[in-house]
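Please read the structure below before turning to the comments.
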Amino acid sequence: MALQTSPEQPAPVRQIAQAVGGWIDRLGSVWVEGQLTQISRRGGMNTVFMVLRDKLADISVTLTCPRGVVDALPVPLVEGAQIVVFAKPSFYPNRGTFSLSVREIRPVGEGELLARLERRRQLLAAEGLFADALKRPLPFLPRRIGLVTAHNSAAERDVLENSRRRWPGVDFKVSYAAMQGPNSAREVIEAIEALDRDAAVEVIVVARGGGSVEDLLPFSDEALIRCVHAITTPLVSAIGHEPDSPLLDLVADLRASTPTDAARRVVPDVAEEAQQVLAARERMRATLRQLIGTEQQRLDALRSRPVLSDPRTGLADRRREVADLRDRARRGLDHRLVRAHDDLGHQVARVRALSPLATLRRGYAVLSDAEGAALSSVAGVEPGQQIHVRLADGRIGATTVTVEPVALVGDAPGVSTSSTTDTGSTTDTGSTTSTGSASATDPTTDKEEDADA
């Protein structure tokens, strides 16, 4: 029913908004198909806001969906996915905005395909096939590069031409396979395994141009992903263009955005390497010149020292020091020898003063019997007994004539016997008269004198 309005009787805004809201409410819940262009999850809110756009016309509508409905989906929603939603149209009069309150979401077409690929990606990732620790480094300059691509394709020309432009001597082994279609995954697997068995191939490149999700679907095949995970040769994935992301990119050791980028990643640029070699050579030369200059300065500093400019200058000083030390040593030694000589003279004089020979030189004599035993008393000496008289300068052999004891001071007087002797000498212990011949040249005199000394 149309509203009756006129310039004189216009309808207020609230009436129009309520009328529009009533018309929209009578529409009821509907199924709507479109492409997700925006997903907004606000923290702390149980509502997810999205924007759904028509596939043909430039028309969009806002979606409001409970977080539980979005989280219950088997795969996360991504922008660009095609979906079908079961929603109830709603109009908010206070703001004059229209939206769809979503109650159910289903991916369709390409969106359903992306959802299936996402489930496969999660399963393979849970097995650890995409772990960064499994990525193998590429060789700096591979001896031979294996290339898997379609026969006479643009991707083949891009990889070969760009690689040979960067490094003319690069060697390729090309293995052709279907890059799309039902047999694509099987042929690519066979080509990769054949190249992996070739010991000369050090890196494998799988190259293909861009295409739709359906065209690139073989490069997300689970068998292909497990094959790449099992080989021992590093593999570079160059599938499609930058926005394309098949699962092969995740398991490969290196992802190249395009086949041309793969050529840049696999081989170095000979011009850049030559320039780096020249730069490194110049740095080495500069470092060597600096090192030689530093050592030359040190050598010049050493040569400028007086001791090296004229080595004899230092020798003269050392010669004088040696002469002074030698004279000092001689004076010290002479002084010690003089003192030692004086000490030795004093010791000899003391020994001589204490020697019995000095007593003999004062007129005393030492008597001994025929066996050489010294006589210190007249007791035991008989007249006519052979005795020896030791003087300072010789020895006399004598015979006792008489033995006369002499009383010492403090002793009791005794009986004296008188005898007559031819010649004799008197000792301190009594009077003994003896006769005999003097041996002034006794050969033992000098030895005994020396011994007594």
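The values are calculated or read from the model by the stated rules, or taken from the named source; none is laboratory data. Quantities reported herein were computed from a predicted structural model and do not represent experimental measurements. Cβ placement follows ideal geometry from the backbone for every residue including glycine, while neighbour counts extend to all protein chains displayed.
Of note:
- Among the criteria (1) in a helix (DSSP H, G or I); (2) surrounded by fewer than 10 Cβ atoms within 10 Å (Cβ to Cβ), the one ALA19 does not fulfil is (2).
- Of the residues LEU195, LEU138, LEU134, the single one that is within 41 Å of the chain's Cα centre (by Cα) and over 30 Å from ALA271 (Cα atoms) is LEU134.
- When we screen ALA349, ALA323, ALA286, ALA353 for residues that are loosely packed, with under 10 Cβ neighbours inside 10 Å, of a type in the set (Gly, Ala, Ser) and assigned to a helix (DSSP H, G or I), the only hit is ALA353.
- The single condition among (1) over 16 Å from ALA398 (Cβ atoms); (2) surrounded by 11 or more Cβ atoms within 10 Å (Cβ to Cβ); (3) touching a residue at least 12 places away in the same chain (Cβ under 8 Å) that VAL366 does not satisfy is (1).
- Restricting the stretch 141-183 to residues that are within 40 Å of the chain's Cα centre (by Cα) and crowded, with 16+ Cβ neighbours inside 10 Å, the residue that is nearest to SER220 (Cα to Cα): GLY146
- Selection status of GLY169, on the phi > 0 side of the Ramachandran plot and at pLDDT below 90: no
- Members of the stretch 129-159 that are outside any loop (DSSP other than H, G, I, E, B), over 19 Å from ASP249 (Cβ atoms) and free of Cβ contacts under 8 Å to residues at least 24 places away in the same chain: ARG157
- Tally, over the stretch 199-244, of residues that are of a type in the set (Asp, Glu) and in contact with a strand residue (DSSP E or B) (Cβ under 7 Å, 6 or more places away or on another chain): 1
- Condition met for ALA252 (within 17 Å of VAL148 (Cβ to Cβ) and either under 35 Å from the mean Cα position of the chain (by Cα) or modelled with pLDDT of 95 or more (or both)): yes
- Single residue of the stretch 228-283 satisfying the filter (in a loop (DSSP other than H, G, I, E, B) and among the polar types (S, T, N, Q)) that is surrounded by the fewest Cβ atoms within 10 Å (Cβ to Cβ): THR232
- Per-region count, the stretch 371-429, residues part of a loop (DSSP other than H, G, I, E, B), modelled with pLDDT of 80 or more and of a type in the set (Asp, Glu): 3
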